[in-house]
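Shown next, in structure tokens, is the structure this report addresses.
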Amino acid sequence: MTLRKTLLLLSLTALLGCSSARPGQISQSLLEQSDDKYQVTIDLTKVKDDKVQVTVVAPEQKQEELIYNMPKIVPGTYSVSDFGKFVTEFTALDKKGQKLPVQQLDANRWRVKDADDLHSITYWVDDTFDSMRKSDAIFEPGGTNIEPGKNFLLNTFGFVGYFDGMKQMPYQLTITKPEGFYGSTPLIATSTTATSDTYFLPDYVTLADSPLMYNRPDTTILDLGETDVLVSVYSPSGKVKSQTIATNIKDILEAQRSYLGGKLPVDKYAFLVYVPQRVGKSGSYGALEHSNSSVYFLPEMPDEQFSSTMRDVAAHEFFHIVTPLTIHSEQIGNFDFINPDMSKHLWMYEGVTEYFASHMQVYEGLIDLDTYLNKIQEHIATARAYYNDTLPFTEMSANVLQPAYEKEYGNVYQKGALIGLVLDIRLRELSDGKYGLRDLMQDLGKTYGKNKSFKDEELFDKITELTYPEIREFFTTYVEGSQPLPFEETFSKVGIIYQPLSKQMINSYGGFVPGYDAETGRIIVESTEGMDAFGKELGLKDGDQLLKWNGTDISPANIRELIGEDLQAMEPGDEVTVTVSRKNNLSKPTEVTLTAKVKQMERMVPHYLQPDPEATPKQKALLKAWLNLKTE
């Protein structure tokens, strides 16, 4: 789903998502003149039992029965949400206000009888943030929030549905809002007052692709050439401000604009950022992207960690304006919200997007080669450790909703990114450095575009037509086939040494067995059995909760950075300070500060990458073309 980040011990495995990407606006005047449209009102001023009322005036029609659908699945989440579970008091009314017979067919569908007399339906919607049962928990960036007087996060698919056969009709959406509240969205209101905003949308797919966030405004607008970027933040504690986030991500967005040729394919974009004080019911945090916006659920963290996380997530989400906004299959262009046919090209929607998010940073000079190689190393290690490396990627993608495949979804952000990397280098090799993956995506954008979907079965052949015959063989072998990606061969082409396992001297973190305390959200010392000399000098004990490393708060999200980067940058003999929470003789938690000198230990490092000091001029030239690096 756009960016979905799950708390994995000692891993920053990012589970990102891809949302609906059907743009296509029709003129406001045509929408206003049409009688064949939905007229939807969501009333945020009268909250009842943590629910808001939705009223839908139905389009004109002459059917005896109609079925109203709330989404079972929404684009980008790759899991069942059943938004109908949050709907109550569903009522259908004729023009005189008399009730019509209604039968609920399942969790997400209602049959309205005598529908030729139907005027409107009304119902109440509960939010997903406060779902009581763990089984109902929905990844928060794809969910809904109702906090009267504070915040309303409106992922529209959680409040509004459609009638069978009428998904393509336009919507007039009116939000009745508390006075002083502002609606953050990339949509342009056709009318706005102190108490209401009205928007027009051409169809349901576009409506579902258009989230809004209402609260007292904390917004900042960035000017990126021809694109205005809105950063809107809701932070209950007030600790995180929109200006801070905007300043933090501006260079990333400017670099992306440069990377994409100096012009972005959208006129307006919105970052909608909800910053709770702790992780929500789903246990995850991250973002869900849409065509012209992205929704973020990022809990409060230490400033440096929050900034780093926001940059990484934003870099990924913003790149979705390329795919699937500009390049997408028919399955996405006309998404089925009840029984979707899943595309087999998650390698592109999420994998290439994740690849670009990192590649752009080294290509535009925001990070150095060593940092980039560390990111690649993490992708390889995570893909091989947590996922089935022989499962054909197209098979996993097409069947991702099936129980046998859903646990493999996270690999789109690991192996998917690596597919993009290997494909990019192969294209550079075949073109003597002149044509890469960016060029291919631009050509696909010209071939298809926002309003033209490709057929799932034709994409690989179209890419081959645009590039080289050898590229069809690449897809057959490594994306449709079960062969592991050829890392050693690929990296050798650009003068990078790859070793599946390499003996190296590294700075030790102590060698203890880590664990996780779900109640406190802390990493703990699960066991000191086998702990090395550095761990013993620190004096770590079983059950210690790790609080700080050299003054930085420790969390599952930053432990890899603290140990894999910060610690490794230190010199042997430098002092390390670790703060732990340890129970005293009265079994009360007490903070204890431990110190030790950095010690190097011999370790077998998996998936080791380093520049080849004996790289040939040809290898260096291809490296320069690939990463835009200066070479000697």
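The values are calculated or read from the model by the stated rules, or taken from the named source; none is laboratory data. Note that the structure is a prediction, hence the values are computed from the model and not measured. Please note: Cβ atoms are built from the backbone with ideal geometry, for glycine as well, and neighbour counts cover all protein chains shown.
Note on segment 347-381: residues that are of a type in the set (Val, Ile, Thr) and either free of Cβ contacts under 8 Å to residues at least 40 places away in the same chain or surrounded by fewer than 17 Cβ atoms within 10 Å (Cβ to Cβ) (or both) total 2.
Which of the residues belonging to segment 169-226 are aliphatic (A, V, I, L, M) and part of a helix (DSSP H, G or I)?
Val205, Leu207, Ala208 - these are the residues of segment 169-226 that are aliphatic (A, V, I, L, M) and part of a helix (DSSP H, G or I).
Within segment 347-389, the residues that satisfy the criterion of being assigned to a helix (DSSP H, G or I) and among the aromatic types (Phe, Trp, Tyr) are Trp347, Tyr349, Tyr355, Phe356, Tyr363, Tyr372, Tyr386. The residues in segment 275-303 that are on the phi > 0 side of the Ramachandran plot and modelled with pLDDT under 90 can be counted, and the count is 1. The set of residues in segment 489-503 that are within 23 Å of Glu565 (Cβ to Cβ) and surrounded by fewer than 15 Cβ atoms within 10 Å (Cβ to Cβ) comprises Pro500, Leu501, Lys503. Hey, among Thr219, Thr244, which residue is under 28 Å from Val52 (Cα atoms) and at pLDDT 95 or above? Going through Thr219, Thr244 in turn, the sole match is Thr219. Of all residues in segment 146-165, those satisfying the criterion of being under 19 Å from Pro186 (Cβ atoms) and not small (Gly, Ala, Ser) are Asn151, Phe152, Leu153, Leu154, Asn155, Thr156, Phe157, Phe159, Val160. Across segment 434-457, a minimum of one residue is classified as more than 21 Å from Met604 (Cβ to Cβ) and touching a Pro at 6+ places or on another chain (Cβ under 6 Å).
Just one of Ala615, Ala621, Ala557 is surrounded by 13 or more Cβ atoms within 10 Å (Cβ to Cβ), at pLDDT below 90 and among the small types (Gly, Ala, Ser); which is it?
Values: Ala615 fails: at pLDDT below 90; Ala621 fails: at pLDDT below 90.
The conditions single out Ala557.
Applying the selection to segment 122-134, what residues are assigned to a strand (DSSP E or B) and aliphatic (A, V, I, L, M)? Scanning segment 122-134 gives a single hit, Val125. Checked against (1) within 19 Å of the chain's Cα centre (by Cα); (2) more than 20 Å from Ala270 (Cα to Cα), Thr176 passes all but condition (1).
May I ask you to say which residue of Phe306, Phe356 is closer than 25 Å to Ser232 by Cβ, at pLDDT 95 or above and among the hydrophobic types (A, V, I, L, M, F, W, C)?
On the way: Phe306 fails: at pLDDT 95 or above.
Being closer than 25 Å to Ser232 by Cβ, at pLDDT 95 or above and among the hydrophobic types (A, V, I, L, M, F, W, C) holds for just one of Phe306, Phe356, which is Phe356.
Number of residues in segment 105-121 that are in a strand (DSSP E or B), under 33 Å from the mean Cα position of the chain (by Cα) and surrounded by fewer than 16 Cβ atoms within 10 Å (Cβ to Cβ): the value is 2.
Condition check ((1) touching an Asp or Glu at 6+ places or on another chain (Cβ under 6 Å); (2) in contact (Cβ under 8 Å) with a residue 40 or more places away in the chain; (3) assigned by TED's automatic domain parsing to the domain that holds Leu153; (4) of a type in the set (A, V, I, L, M)) across all residues:
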site: Thr193; (1), (2), (3), (4): no, no, yes, no
site: Asp197; (1), (2), (3), (4): no, no, yes, no
site: Thr220; (1), (2), (3), (4): no, no, no, no
site: Gly225; (1), (2), (3), (4): no, no, no, no
site: Ser232; (1), (2), (3), (4): no, yes, no, no
site: Ser237; (1), (2), (3), (4): no, yes, no, no
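With respect to the conditions (1) of a type in the set (Lys, Arg); (2) under 28 Å from Pro617 (Cα atoms); (3) at pLDDT below 95, Lys493 falls short on a single one, namely (3).
Taking every residue in segment 491-514 that is without any contact (Cβ under 8 Å) to a residue 24 or more places away in the chain and pairing it with any residue that is surrounded by 15 or more Cβ atoms within 10 Å (Cβ to Cβ) and assigned to a strand (DSSP E or B), at least 6 positions away or on another chain, the pairs with Cβ-Cβ distances below 6 Å are Val513/Glu526. The set of residues in segment 515-548 that are touching a residue at least 24 places away in the same chain (Cβ under 8 Å) and of a type in the set (Gly, Ala, Ser) comprises Gly515, Gly521, Ala533, Gly535, Gly539, Gly543. When segment 150-160 is limited to residues that are touching a helix residue (DSSP H, G or I) at 6+ places or on another chain (Cβ under 8 Å) and not polar (S, T, N, Q), the one that is nearest to Gly333 (Cα to Cα) turns out to be Phe157.
Looking only at segment 397-420, residues that are in a helix (DSSP H, G or I), more than 24 Å from His607 (Cα to Cα) and of a type outside the set (Asp, Glu) come to 5 in all. The set of residues from segment 401-436 being under 17 Å from the mean Cα position of the chain (by Cα) and of a type in the set (Ser, Thr, Tyr) comprises Tyr409, Tyr413.
Once segment 568-583 is narrowed to residues that are among the aliphatic types (A, V, I, L, M) and under 14 Å from Gly551 (Cα atoms), the residue that is farthest from the chain's Cα centre (by Cα) is Val576.
Hey, can you tell me all the residues within segment 77-97 that are farther than 15 Å from Arg133 by Cα and among the aromatic types (Phe, Trp, Tyr)? Of everything in segment 77-97, those that are farther than 15 Å from Arg133 by Cα and among the aromatic types (Phe, Trp, Tyr) turn out to be Tyr78, Phe90. Asn145 passes every criterion in (1) modelled with pLDDT under 95; (2) in a strand (DSSP E or B) apart from (1). For segment 529-546, the count of residues that are touching a helix residue (DSSP H, G or I) at 6+ places or on another chain (Cβ under 7 Å) and surrounded by 15 or more Cβ atoms within 10 Å (Cβ to Cβ) is zero. Considering only residues in segment 180-194 that are in contact with a strand residue (DSSP E or B) (Cβ under 9 Å, 6 or more places away or on another chain) and not β-branched (Val, Ile, Thr), the one that is modelled with the lowest pLDDT turns out to be Pro186.
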